[in-house]
Amino acid sequence: MKYAGKKLDEPISDVVVIPRNGEDIVFKCQCVTDFSQFDAICPAPEPPKVQFRGQANAIPNYDDPEYQKQLDEYSRNRINWMVLQSLKATEELEWETVDYNNPATWENYSKELEEAGFSNVHVGRIIDTVSHVNGLNERMMDEAKQRFLAGQQAQQQQNSHQEEQKNT
């Protein structure tokens with residue numbers, strides 16, 4: 001795909017820079033565009049089916065407590081996997097207790113960050129940036145719209161100024 005004549009081929013990314021003991025620790029967060037690996041490791045849970053008397057087909061029971069528990073775990077795994085995949089853009093980053101193929105270890109990234117001396121605020125900032133690059137929020141859309149409108153207004157003023165010069 002092209003936009004304004006340029007090929008769009010790189011995912012959105014952003015950085016979190018945390019100063020620490022005279023050194024800047026840089027976390028690069030990149031948008032995750034492919035969840036097929038996650039889907040292969042963690043298929044979505046299926047609700048149990050219930051068949052009521054007089055009905056020909058069984059229907060899914062989305063209120064089943066075990067299904068709700070599985071759905072919560074699936075959602076946590078998906079978010080943890082997305083954070084880890086997004087942070088893979090930080091080439092210098094190595095996890096000690098995270099195994100990308102083992103969902104039971106994915107939440108360890110948070111503990112490792114804390115053990116490395118990052119505060120809850122630092123960890124929150126990293127996760128917030130991961131969230132921003134992986135989905136638009138209202139603030140980001142408003143800022144982009146304001147930049148676009150400011151550019152449009154500047155272009156109109158420039159065109160208006162050029163027309164005035166031609167008329168004189």
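FYI, it's all coordinate maths here, none of it is from the lab. Quantities reported herein were computed from a predicted structural model and do not represent experimental measurements. Note that each Cβ is placed from the backbone with ideal geometry, even for glycine, and that neighbours are counted across all protein chains shown.
For the chain, what is the calculated [θ] at 222 nm in deg cm²/dmol (nearest 500), taking -39500 (n - 2.57) for each run of four or more DSSP H residues and dividing by its residue count?
Working: 5 runs with 81 residues, N = 168.
Value at 222 nm, helices only: -16000 deg cm²/dmol.
Sorted fewest first by neighbouring Cβ atoms within 10 angstrom, 83, 26 come out as 26, 83. Of the options 122, 18, 102, report the single residue whose Cα projects farthest towards the positive end of the charge dipole of region 10-135 (beta-carbon charges: Lys, Arg +1; Asp, Glu -1). Farthest towards the positive end: 102. Here the chain is assigned +1 on the Cβ of each Lys and Arg and -1 on the Cβ of each Asp and Glu. Its dipole about the Cα centre then comes out at about 740 debye.
Looking at the square roots a ≥ b ≥ c of the eigenvalues of the Cα gyration tensor of region 1-90, which shape do they give, rounded for a/c under 1.5, prolate if a/b is larger than b/c, or oblate?
Values: a/c = 4.61, a/b = 2.02, b/c = 2.28.
Verdict is oblate for region 1-90.
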